[in-house]
Amino acid sequence: MIQTPDIVRPSKELIESLSGISAATAAGELSRLGIRDPHIRGPV
């Protein structure tokens, strides 16, 4: 795993609770909050 001390990772419980949400639902909720382009770019 890459070590990034400046990034605070979410708890395992939070990740598990969000695992049932689809990408479309997440994007829709972010759009409703004003985030129009929720796409994240980065290394694969």
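Read-outs throughout are calculated quantities, based only on the coordinates presented, and are distinct from any laboratory measurement. Note that the structure is a prediction, hence the values are computed from the model and not measured. Glycine gets a Cβ as well: all are built from the backbone with ideal geometry, and neighbour counts include every protein chain shown.
Residues that are assigned to a loop (DSSP other than H, G, I, E, B) and surrounded by 12 or more Cβ atoms within 10 Å (Cβ to Cβ) within segment 27-44 comprise just one, Pro38.
Taking the condition in a loop (DSSP other than H, G, I, E, B) and either in contact with a Cys (Cβ under 8 Å, 6 or more places away or on another chain) or not hydroxyl-bearing (Ser, Thr, Tyr) (or both), does Ile7 pass? So Ile7 passes the test.
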